[in-house]
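The values are calculated or read from the model by the stated rules, or taken from the named source; none is laboratory data. Note that the structure is a prediction, hence the values are computed from the model and not measured. Neighbour counts are summed over all protein chains in view; Cβ atoms, including those assigned to glycine, are modelled from backbone coordinates with ideal geometry.
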Amino acid sequence: MHEVGITQTIVDIVAANAKGAKVQRVSLEIGKLAAIMPDAVNFCFDVCSRGTVLEGATLEIIEIPGLARCHQCGAEVVIEETYSICQCGSVELDIIAGEELKIKEIEVELCA
């Protein structure tokens, strides 16, 4: 399960950027075509964040749908898999969205 390593890297990046402040919320974008299971990342987040400034933080996962542009007809099509077929029958598609893995936002506690 590569999600453990991915989640640990996310926790490390967020902790470094929080600069010691307590993290309240982390917002991630995970593309449907990224070969990353959001449920697994969510499960791993609690384990990976123990003993860090992220412990107890809320994890928000935003799933980005797959989107491709057809070489043949130019249409933008929603896709569920990397290898898909356009409505025109072409398999020559350029993926334009859905492979993301982004830390979109972090919310930290302000010191008084």
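Among the residues of the range 84-96, write down those that are more than 24 Å from residue 29 (Cα to Cα) and assigned to a strand (DSSP E or B). If the condition is that a residue be more than 24 Å from residue 29 (Cα to Cα) and assigned to a strand (DSSP E or B), then no residue fits. Just one of the numbered conditions (1) among the polar types (S, T, N, Q); (2) within 24 Å of residue 2 (Cβ to Cβ); (3) in contact (Cβ under 8 Å) with a residue 40 or more places away in the chain is not true of residue 42: (3). What are the residues in the range 7-28 that are under 13 Å from residue 61 (Cβ atoms) and surrounded by 14 or more Cβ atoms within 10 Å (Cβ to Cβ), if any? Correct list: 7, 10, 26, 27, 28. Restricting to the range 1-53, and then to whatever is among the small types (Gly, Ala, Ser) and over 30 Å from residue 81 (Cβ atoms), can you tell me which residue is modelled with the lowest pLDDT? The qualifying residue modelled with the lowest pLDDT is 20.
Only one entry in 41, 4 is of a type in the set (A, V, I, L, M), farther than 18 Å from residue 108 by Cβ and buried (at least 20 other Cβ atoms within 10 Å of the Cβ), namely 41. In the set 81, 99, only one residue is in a loop (DSSP other than H, G, I, E, B), of a type outside the set (Lys, Arg), farther than 20 Å from residue 5 by Cβ and in contact (Cβ under 8 Å) with a residue 40 or more places away in the chain; that residue is 81. Each residue in the range 19-76 was checked for being small (Gly, Ala, Ser), part of a loop (DSSP other than H, G, I, E, B) and touching a Ser or Thr at 6+ places or on another chain (Cβ under 7 Å), and 1 pass. Annotation: residue 31 fulfils all but one of (1) more than 26 Å from residue 110 (Cα to Cα); (2) of a type outside the set (Ser, Thr, Tyr); (3) crowded, with 16+ Cβ neighbours inside 10 Å; (4) more than 17 Å from the chain's Cα centre (by Cα); the unmet one is (4). Quick one: which residue in 97, 68, 75 is within 13 Å of the chain's Cα centre (by Cα), among the aliphatic types (A, V, I, L, M) and either surrounded by fewer than 13 Cβ atoms within 10 Å (Cβ to Cβ) or more than 21 Å from residue 15 (Cβ to Cβ) (or both)? None of the other options fit; the residue is 97.
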